Amino acid sequence: MTTTRFAPSPTGWLHIGNLRAALFNYAIARQQGGTFILRIDDTDQERSKDEYIQGIKDDLTWLGLDWDRVEHQSARMDRYLDAKQRLIDMGRLYECFETPVELDLKRKKQLNMGKPPVYDRAALNLPEDEKDRLRAERGSHWRFKLNHERINFTDGIIGEISIDAASVSDPVLFKNDGQILYTLASVVDDTEMGITDVVRGSDHVTNTATQIQMIEALGGTVPRFAHHSLLTGPQGEALSKRLGTLALRDLRKNGIEPMAILSLMARLGSSDPVELRASVQEVVDGFDIAKFGSAPTKFDAEDLKPLSARALAAKDHTEVADEIAAAGVPDDLAAAFWDVVKGNITSLDDLPGWWALFRDGASPLVADEDRDFVAQAFAMLGEAPYAPDTWAKWTAAVKEATGRKGKGLFMPLRKAVTGLERGPEMADVMPLLQVKPKL
C-alpha cells in the first residue's frame, strides 16, 4: 500500500514552500487510496513549540488536507537510540571530537588546496585514551560511515541520479549535545512506518543519497524518491528571505482562498496549465508528478489573488453565510447581496465595505461638468426601496429629459450612485440600496 508522509519541523509557521511537499505527498497517497502521515519533526526540543504544532494542523485543515494519523518524533527517541547502537555494532557509526571551529579550519584548508571540503575521518584513527580525554574535555558527535561507492537512484522528477559517496562528508547523525538529527530520525521512521514514496525539495538530493545507504544498512526498503524544484521570487530571486511574509496563516488572514492556493501549487512548475479547481479531490485527480520539472520555479503571491477571486465567485451564498451575516447584511437580503458582489471582490474582507455602500450610500464620484446633470437625475429618482426595474425606468426617464444617452448617460449615474467607475450591474444594485443616493 502506498504510504507517504509530511514531516514539518514545528519551529515556525508553515509557508508556501512547505506546502509543496505536503500537497505532493498528500496527492500521491490519496490517488492510490493509501495512507498519508503527518509526522512532526520535533527532535529539537528547544526550538519546537506546541503553538507551531497546532498551527501546522490548523493550516492543513484550512486547506482541506486531512491525514490518517499523526506521529511525533519526540515520542520515538528509543527507536533512534536503538538504531544508533545497531549502526555502532556494525561499524557504520563512529564518534568524532572536532569542534565547529576545527571543522571550519579543515574545510578552508581543503578548499585552499583545491580539494572538496569532505570530512577526513581523522576520528577513526584516534587511540582510545585520546578519545577518553577528548570526550571528557569537549564531548563528541557521531557520524555515519559511508561506503565509498556510487549511489544510484531514479528520481520521480529529476530522473537518473548518481552520486559518488566519496565526494560527500560522512553525515553527522548525533550532535555534541546528544540531539538526534533529522537525517537519521527520518530514515528510522520511513523504514519502520513503511513509507513507500517521499517527495521533498531538490536541496535534499545529496541527503537522499546518504540516507539510502542508511536505509540499506538498517535493513529497510528504499522508498521511491522525487525532488521538486525550489521556489524563487518572480524575478528568480531567493524566496527564503520572503518566506516570513508567505506563511499560510498570513495568506489566510489576507483573504486568500484555500482552493486558489492548492490549484496554483498543484500545477506550478509542471507542464500543465494552472486551472482553478473546485475541490481538493479535483486537485488530487489532476495531479501528475511526472509532469513537473527540475528547474527553479518562480512564484508570485500576486498570482493567488485572481484565482482567489474566481474561487469566491463560484461559491453559493450559503457557503459564506457567516461572513455575510458578520458584515451586517439582513438574512432576507443575503442571497441577493452575494449574487451582486461576489464577482467584484478579491476577499471576504471586502463584504463590509459593500454592505456599507448599500446601507448608507456612497460618496458620489461626480465630475464638475456632470454635477447639474446628476442633480437633475437624482431629483427624478424616488425614495428607496427600489425594484429590479428601477434602473431601467429611471435612466429612460433621465434620457428623455436630458437628451443624454450611452456612456454619457450611464457612467455618470453609476459613479454618482456607487462612487465607483465599475462594478456590478446597476439593475442589480438598485434593489439593494437602503437609502436614496445624494450628492
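Might you check whether a residue that is under 23 Å from the mean Cα position of the chain (by Cα) and at pLDDT 95 or above occurs anywhere in segment 77-86? Scanning segment 77-86 turns up no residue that is under 23 Å from the mean Cα position of the chain (by Cα) and at pLDDT 95 or above.
Looking only at segment 229-261, filter to residues that are among the charged types (D, E, K, R), assigned to a helix (DSSP H, G or I) and at pLDDT below 90; which one of those is nearest to residue 310 (Cα to Cα)? Can you show your working first?
Of segment 229-261, the ones among the charged types (D, E, K, R) are 237, 241-242, 249-250, 252-253, 257.
Narrowing further to those that are assigned to a helix (DSSP H, G or I): 241-242, 249-250, 252-253.
Filter again for at pLDDT below 90, leaving 241-242.
Values: 241: 29, 242: 26 Å.
Going through the qualifying residues, I end up with 242.
The number of residues in segment 88-126 being more than 22 Å from residue 164 (Cα to Cα), in contact with a helix residue (DSSP H, G or I) (Cβ under 9 Å, 6 or more places away or on another chain) and not hydrophobic (A, V, I, L, M, F, W, C) comes to 3. The condition of being closer than 30 Å to residue 294 by Cβ, touching an Asp or Glu at 6+ places or on another chain (Cβ under 8 Å) and outside any loop (DSSP other than H, G, I, E, B) holds for only one of 107, 143, that being 143. Of the helices (runs of 4 or more DSSP H) that lie entirely inside segment 370-439, those containing 3 or more residues that are touching a residue at least 24 places away in the same chain (Cβ under 8 Å) and under 26 Å from residue 332 (Cα atoms) span 390-402, 426-429.
Tell me which residues, restricted to segment 82-91, are in contact (Cβ under 8 Å) with a residue 60 or more places away in the chain and either outside the structural domain of residue 214 (by TED's automatic domain parsing) or exposed (fewer than 14 other Cβ atoms within 10 Å of the Cβ) (or both).
90
Yes/no matrix, rows are residues, columns are (1) in contact with a helix residue (DSSP H, G or I) (Cβ under 8 Å, 6 or more places away or on another chain); (2) over 30 Å from residue 315 (Cα atoms):
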{"residue": "360", "(1), (2)": "no, no"}
{"residue": "378", "(1), (2)": "yes, yes"}
{"residue": "392", "(1), (2)": "yes, no"}
{"residue": "395", "(1), (2)": "yes, yes"}
{"residue": "402", "(1), (2)": "yes, yes"}
{"residue": "416", "(1), (2)": "yes, no"}
{"residue": "427", "(1), (2)": "yes, no"}
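A quick yes/no check of all residues on (1) under 29 Å from residue 349 (Cβ atoms); (2) of a type in the set (Gly, Ala, Ser):
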| site | (1), (2) |
| --- | --- |
| 197 | no, no |
| 221 | no, no |
| 228 | no, no |
| 237 | yes, no |
| 251 | yes, no |
| 281 | yes, no |
| 290 | no, yes |
| 305 | yes, no |
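Picking from residues in segment 29-46 that are in contact with a helix residue (DSSP H, G or I) (Cβ under 7 Å, 6 or more places away or on another chain) and part of a helix (DSSP H, G or I), the one that is surrounded by the fewest Cβ atoms within 10 Å (Cβ to Cβ) is 31. The residues of segment 47-63 that are touching a Pro at 6+ places or on another chain (Cβ under 8 Å), surrounded by 15 or more Cβ atoms within 10 Å (Cβ to Cβ) and either acidic (Asp, Glu) or not in a helix (DSSP H, G or I) (or both) amount to a single one, 48. Consider segment 261-288 and keep the residues that are in contact with a Lys or Arg (Cβ under 6 Å, 6 or more places away or on another chain) and not hydrophobic (A, V, I, L, M, F, W, C). The one that is surrounded by the fewest Cβ atoms within 10 Å (Cβ to Cβ) is 271. None of 63, 19 is out of contact with any strand residue (DSSP E or B) (no Cβ under 6 Å at 6 or more places or on another chain) and either among the β-branched types (Val, Ile, Thr) or closer than 18 Å to residue 289 by Cβ (or both) except 19. When segment 156-186 is filtered for residues that are closer than 20 Å to residue 28 by Cα and either outside the structural domain of residue 82 (by TED's automatic domain parsing) or buried (at least 17 other Cβ atoms within 10 Å of the Cβ) (or both), the ones remaining, listed by number, are 156, 157, 158, 186. Screening 171, 223 for residues that are at pLDDT 95 or above, within 28 Å of residue 295 (Cα to Cα), touching an Asp or Glu at 6+ places or on another chain (Cβ under 7 Å) and not charged (D, E, K, R) leaves exactly one candidate, 223.
The values are calculated or read from the model by the stated rules, or taken from the named source; none is laboratory data. Since the model is a prediction, treat every value here as computed from it, not as a measurement. Don't worry about glycine lacking a Cβ; one is built from the backbone with ideal geometry, like all the others, and counts go over all protein chains shown.
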